[in-house]
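What follows is calculated from the coordinates using simple rules that are stated; it is not laboratory data. All figures in this text were calculated on a predicted structure; none of them were measured in a lab. No Cβ is skipped: glycine too gets one built from the backbone with ideal geometry, and neighbour counts run over all protein chains shown.
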Amino acid sequence: MEVRVSNVRKEFDRFPALRDVSLDIRSGELIALLGPSGSGKTTLLRLIAGLERPTRGTIFFGDEDASNRTIQQRNVGFVFQHYALFRHMTVADNIGFGLKVRPAAKRPTRAEIRARASELLDLVQLSGLEKRYPAQLSGGQRQRVALARAMAIEPKVLLLDEPFGALDAQVRRELRRWLREIHDATGHTTIFVTHDQEEALELADRVVVMSQGRIEQIGTADEVYDTPNSPFVYGFIGESSSLPVKVEDGQVWISDRPIGLSTPDLGDGEATLYFRPHDIELLDDCNGCIAGTLAASRRVAGTRRVELEIGGARERVEIELPVGHPAAQKSRVAFRPKRWKLFPKEG
Amino acid sequence: MADPELYPADAYHQHASLAVTERPLARAALMALAFAFLAIFLLLPLVVVFEQAFSRGIAPFLSAINDPDTIAAIRLTLLVAVISVPLNLVFGVAAAWAIAKFEFKGKAFLTTLIDLPFSVSPVISGLVYVLLFGASSLLGPWLKMHGIVILFAVPGIVLATVFVTFPFVARELIPLMQEQGTGDEEAALSLGANGWQTFWHVTLPNIKWGLLYGVLLCNARAMGEFGAVSVVSGHIRGLTNTMPLHVEILYNEYNAVAAFAVASVLAGLALVTLVLKTLLELRYGAEIAATRGH
């Protein structure tokens, strides 16, 4: 099922949580809504589910306008952040709930509901736990039950709100791989919300980066990581360093020195240079480079992170060096970013 | 799989006993104070009621109970409780639902309104009904014309009781429902349940223990209410006297044995309620703790 969000705006007490958001989701796609808290990602998910109504704009399921449909009519599977399992029901009753509450004409028999619950428990690898209560399950198991319950109603779209948020790191990684497998096996159109970039980049076909109620960028993990299209995405996804620079005649300057980067398309004026700390080359002779004095250096996993003070304003940037690289011993280091982007100063 | 959430109580108690325990002497003093206070102010009076009721043996007690006026009072009290408790059950759940699960204008006002019966004297509550439905009131002539009797009759007593006991169910449920939030209800709706199914299969099981507490307390108060009922009942023996009113009349007539006999029956009804509550707590303690979420 394709899902199309068209110019949607959502206000809570006049405060805009989403401002004019549009998004096309292809059938069978696994999409991540990624952003910091307050970026509107959960609001967008709840709007798609029908748990909220848009203030303006339209949401299409396939070719049909679903904006005015209730959540029951939309037939979506929603997995809540804290699972919202019914604590007074067994695992099997939780999973069968969506079938049990169907109108009599469409309701499967009890035996069929029980069989379907067992089937789904097999799928989420929890066979044999039918009779347990949610309080008797671990966090990871509850998560799986919540997913099985959402899938029991054969939803057109599967929506997950911070599906791994409450789990510890080890279980998260396991479940992440497992969710991908389930998605590939069932082919549901799946949208999940996360604030964890690693999760989004690893799991999703496409990542929707959001900030302050707007979509900043939509793209595959590679696109979003390698060619961020805004300072926000640069800063939010992966490590980044930035420096205030000047553009003159298509050349990039730091104070009074050109640094050997040219930008023919950008007009003259002040700008900010963004690059990845690991995406640089070290230079011996500084014939157009960024040079700085070493201010601090620390070991981060397999690399050494070096902090440099640049120019008279002593702007600090970070670059990454291989462990044991001789440059880390010197007091002055010269480098040039291999891949970088300039954003003109706002205002 | 090991799950720390399964054993929060044990961990908590161990922790507490290490960190914040008083010295034995202080502990004993605090406990003695609490027990002494309860004994003098609560237990002793209760014992005296029963002692007085049987002070001249069992026969006068039985004849006091068997008096037609007493039987009428017992019957009226039970009738009033049977009508007003279910009414407040429905109103209380509706009000708690509205306050805990929706955002709307006037919510704070509604919350204050629910507390009103607790904050004004029951006598005033009764007087309000007299002003509203009395012969010289605005509604009085109209009611009289249509032959509707409210004051000095059962409807008035029920109205006053409903008013006074309204907060018990709502007050018990509001914090519980607020804490539980709307997550479970949203989950049920997303699975295709309609509003009624959601309430019946999800909300009600989540609040059933709190609801039961509220109903028990509401019932105890409905049977014991004096002030408001006294104003609207008219004290007609055998007709509009509830048990508390009957006790007072008997007492004022210096018929101490009969007064205390009826009082002991009333206290007995209250004790049954308390015992019921304690039994439920013993039987379902773990489940109650689980559904309350702490």
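By the count of neighbouring beta-carbon atoms within 10 Å, fewest first, B:His246, A:His325, A:His188 end up ordered A:His325, A:His188, B:His246.
When the Gaussian network model of chain B links Cα atoms closer than 10 Å, the mean-square fluctuations of B:Thr21, B:Thr278, B:Thr182 top out at B:Thr21.
Here the relative contact order of segment B:127-223, from alpha carbon pairs under 8 Å that lie six or more residues apart, stands at 29 percent.
Between A:Gln125 and B:Leu79, the simple label model (points 7 Å from Cα in the Cβ direction) yields a spacing of 6.8 nm.
Across segment A:1-53, the relative contact order, built from alpha-carbon pairs under 8 Å that are at least six residues apart, equals 31 percent. Among B:Ser233, A:Ser262, A:Ser242, the ranking by other beta carbons within 10 Å of each residue's beta carbon, starting with the fewest, stands as A:Ser262, A:Ser242, B:Ser233. Remark on the protein assembly as shown: Rg and Dmax equal 35.4, 117 Å (Cα only). With contacts taken as Cα pairs under 8 Å and at least 6 residues apart, chain A reaches a relative contact order of 16 percent.
Extending 7 Å from Cα along the Cβ direction at B:Phe35 and again at B:Thr278 yields two label points whose distance is 1.5 nm. Cβ-to-Cβ counts within 10 Å put A:Val21, A:Val207, B:Val257 in ascending order as B:Val257, A:Val21, A:Val207, the fewest first.
Computed from the C-beta positions of B:His235 and B:Phe54, the FRET efficiency with R₀ = 30 Å rounds to 0.65.
Counted over chain B with a bin width of 10 Å, the fraction of Cα pairs per bin, in whole percents, is 6, 20, 26, 24, 16, 7, 2, 0. Under the simplified labelling scheme, the A:Arg298-B:Ala153 pair shows an inter-label distance of 8.3 nm, with each label point 7 Å from Cα along Cα→Cβ.
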